[in-house]
Amino acid sequence: MMKLSRLKYTNIGAALVNMITALVVYMLSRVVFFLVNWSTFAPYMSWSLAGSMLHGGLVFDTSALLYINGLYLLLTLLPWPRKETPGFHQGLRWLYVVTNGIGLAANLIDSVYVQYTGRRTTVSVFSEFANENNIASIIFGETCNHWYLLLVFVMLVAILWICFVKPRNDVWGARWRYYVVQVVSIIIVAPAAIIGIRGSVTAGTKPITINNANAFVNRPIEGTVVLNTPFTLIRSIGHKAFTDPHYMSQQAMRAAYEPIITPKPDSLTQGRKNVVILIVESMGKEYIGAYNHELEGGHYRGYMPFIDSLVAKSLTFKYSYANGRKSMDAMPSVLSSIPMMVEPFFLTPATLNDVHGVPSMLKPMGYYSCFFHGGHNISMGFNAFAHDIGYDRYIGLNEYCKSPNPAYHGMRDFDGKWAIYDEPFMQFMLDNVNQFKQPFVATLFTASSHEPFHIPEQYKGKFKGGKLPIYKSISYTDMALRRFFERASKQPWYRNTIFVLVADHASLNEHDVYKTDLGLYSIPIIFYTPDGSLKPAMRTDVIAQQTDIMPTLMHLLGYNKPYVAFGCDLLSTPPADTWAFNYNNGVYQYTRGDYMMQFDGERVTGMYRFKTDVLLRHNLVGKVKEQAAMEHTLKALIQQYMQRMNHNQLVVR
């Protein structure tokens with residue numbers, strides 16, 4: 001009879017000990033993830049929630065580690081005596097440490113990255129950054145900025161290495177015992193591994209997916225604590241983003257929600273005005289004092305004084321939201337009224353569909369169009385999408401560096417990570433716009449307020465700082481916008497122009513109201529007409545989103561053909577019929593009237609009276625009569641979206 005103390009030196013014993021070690025290390029990385037994002041999770045934490053998160057974390061870590069260590073387990077338990085040598089087991093040690101170390105690194109990276117995306121990384125990240133030629137410098141820079149995570153990584157990998165147990169040959173005795181134990185081990189481990197990977201012992205249930213994390217938490221963002229990044233990467237490989245849920249019949253779907261808009265020009269229609277759309281990187285509503293009079297006892301002033309002054313002269317909205325959390329989500333939402341659902345539109349096969357957008361729709365009306373972005377011309381896929389939706393020209397870093405104007409300094413004006421600094425690039429944009437024949441559509445996507453939030457050397461110490469590193473860079477962008485408008489206001493085309501200012505997404509947050517599941521999407525949407533044709537107002541009766549921008553512009557410009565848009569014309573739609581949509585870490589969020597509803601694809605999980613319960617602390621699921629109608633409409637919206645993506649129905653034929 002083998003002594004219990006020697007059992008861990010059998011192949012099955014060593015494998016079990018090593019898997020437990022990996023499980024402990026991954027759980028420790030989850031603790032680090034939680035601590036790095038303390039302000040996001042801690043205010044809502046309770047002992048029951050912590051226990052549920054721990055349970056969920058064990059389920060998802062077990063699944064991920066069985067995926068990661070599949071080869072290690074197979075080689076360890078393979079009944080082949082000749083492999084039982086010190087060299088072979090040292091090789092297994094390296095396999096174990098390297099594979100688990102890669103997954104561990106992904107976990108620690110996401111402890112920072114989740115602050116910007118609101119979810120664990122999926123395999124789409126490789127497509128997202130496929131065209132970025134500065135990725136190595138970004139990784140190096142972020143490693144330096146978060147050096148403490150590198151130390152944690154080294155310590156956790158050291159635990160994996162030091163605690164690794166190698167099998168020993170002297171525990172077997174007779175050769176037949178080796179074969180029996182190895183074969184029996186495989187017979188036991190194989191079904192146990194299948195159960196662990198699936199996340200359930202119940203026959204007939206589906207394997208756990210990313211969305212199952214929401215069953216262990218109260219808020220979608222908390223699902224990121226339960227998940228681990230290796231799991232989300234593995235389970236998103238080959239995943240089809242758009243699957244028709246078949247919630248209802250086609251007739252019922254069209255009756256509940258129809259994304260085809262038939263324009264009806266009225267007294268607000270202004271004809272062939274120029275359009276300038278400024279998509280401002282990371283300009284969350286929190287940074288603008290005009291939207292936050294109630295913060296800090298009424299003393300909050302924000303970090304964008306020029307935008308404050310512009311809001312006073314513009315049509316804007318108290319309740320306005322982004323449709324996504326990434327830069328690449330913004331272009332389809334703002335310019336084509338296509339929200340992000342499940343995966344960024346850029347990264348799905350649906351990009352091969354026929355797609356319209358503001359420039360292609362206005363082209364038959366005689367509009368010239370140009371898209372400006374100070375990054376590398378292939379950065380983020382902006383160039384390709386701009387071409388797809390009809391922009392006549394794309395002007396980026398390449399064109400900036402070729403400018404003969406001595407006011408611009410080529411790559412010396414590059415921020416070192418992403419793009420030309422906002423101030424010189426906005427002036428360069430004006431050089432070009434001033435040469436355009438009217439009417440035109442000019443769109444700018446800014447970059448300087450993107451992490452790592454660099455600003456030019458000459459402005460160091462010039463801007464108000466604060467708790468968050470973005471404050472100085474967003475103040476720099478505000479200054480660049482002021483200079484842009486000061487110069488633009490002297491041009492002959494200025495008064496005949498509709499300006500739209502909108503953020504691509506929100507970013508880092510300091511105040512609790514902007515850390516909620518809805519607050520994470522809170523951005524400004526501003527329509528400004530220098531000639532005063534749009535009455536300035538801060539509307540509180542309307543719910544606005546990025547996908548409303550295109551329909552609203554089409555109304556103002558007199559576009560007269562039916563088109564597909566997953567948004568509303570904010571000028572003619574009754575306020576009660578306006579709404580906003582977000583896809584939040586596997587949960588669909590639908591905001592309408594007084595409520596924000598959360599739906600996991602099968603059932604309603606959250607119902608909040610968001611205007612009065614601003615911190616979303618009181619879940620009213622099953623307690624309000626509006627829930628059934630909102631759920632039905634949201635299901636129709638999801639089904640319409642999925643079907644139109646899968647069947648190339650994003651334009652009216």
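Computed quantities for the displayed model
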item	result
Relative packing of peptides 553-564, 619-630, 365-376 - highest average C-beta neighbours within 10 Å first	365-376, 553-564, 619-630
Heavy-atom accessible area per residue - the chain, 1.4 Å, Å²	41 Å²
Per principal axis, descending, Cα span of the range 35-93 in whole Å	56, 20, 15
Separation between Cα centres of the range 350-385 and the range 252-268, rounded to whole Å	24 Å
Extension gain (nm, one decimal) between residue 458 and residue 577, 0.36 nm per residue minus Cα-Cα	38.0 nm
Distance from the range 416-484 to the range 57-84 (C-alpha centre basis), Å	51 Å
27 Å Cα-Cα threshold exceeded, pairs from 437/472; 611/635; 264/326; 313/467; 460/611; 313/417	437/472; 264/326; 313/467; 460/611; 313/417
Label-point separation, residue 237 to residue 387 (7 Å along Cα→Cβ), nm	3.1 nm
Range of Cα positions in the range 239-300 per principal axis (Å), largest first	53, 40, 25
Estimated 222 nm signal from helices in the chain, with DSSP H stretches of n ≥ 4 weighted -39500 (n - 2.57), rounded to 500	-12500 deg cm²/dmol
Most positive-pole-ward Cα, 13, 98, 324, against dipole of the chain from beta carbon charges	13
Neighbourhood net charge (14 Å Cβ-Cβ; Lys/Arg +1, Asp/Glu -1) for residue 260	+3
Cut-off 15 Å between beta-carbons: net charge of the residues surrounding residue 438, Lys and Arg +1, Asp and Glu -1	+3
Residue order for 493, 161 - accessible surface, 1.4 angstrom probe, largest first	161, 493
Cross-link pairs beyond the 30 Å C-alpha cut-off, checked among 515/625; 464/515; 318/363; 318/402	318/363; 318/402
Taking only Cα atoms of the chain, radius of gyration then Dmax in Å	27.3, 95
Relative packing of 292-299, 36-43, 530-537, which averages over residues the other C-beta atoms within 10 Å, highest first	36-43, 530-537, 292-299
For residue 644, net neighbour charge (Lys/Arg +1, Asp/Glu -1) across residues whose Cβ lies under 14 Å away	-1
DSSP beta bridges in the chain [antiparallel fraction, %, rounded to 5]	50 percent
Per residue Cα convex hull volume in Å³ - calculated over the range 572-638	94 Å³
Approximate shape of the range 523-653 as ellipsoid semi-axes (Cα gyration tensor, √5λ), whole Å, largest first	27, 21, 11
Global form of the range 527-586, assessed from the alpha-carbon gyration tensor, a/c cut-off 1.5	oblate
Cα-centred dipole magnitude for the chain, charges only on beta-carbon of K, R (+1) and D, E (-1), debye, nearest 20	1220 debye
Charged-residue dipole, Cβ positions (Lys, Arg, Asp, Glu), the range 288-352 about Cα centre, Debye nearest 20	100 debye
Test item: Cα-centred dipole of the range 199-287, Lys/Arg +1 and Asp/Glu -1 on Cβ, debye	180 debye
Most to least packed among 241-253, 212-224 [average Cβ atoms within 10 Å]	212-224, 241-253
Positive-end extreme of charge dipole, the chain - chosen from 109, 372, 159 (charges on Cβ)	159
Positive dipole terminus of the range 471-520, leading residue within 496, 471, 518 (C-beta point charges)	496
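The values are calculated or read from the model by the stated rules, or taken from the named source; none is laboratory data. This one's a predicted model, so the numbers in the text were calculated from it and none came from an experiment. Note that each Cβ is placed from the backbone with ideal geometry, even for glycine, and that neighbours are counted across all protein chains shown. Surface accessibility is based on the protein's heavy atoms, side chains included, excluding ligands, DNA and RNA. Shrake-Rupley method; radii C 1.70, N 1.55, O 1.52, S 1.80 Å.
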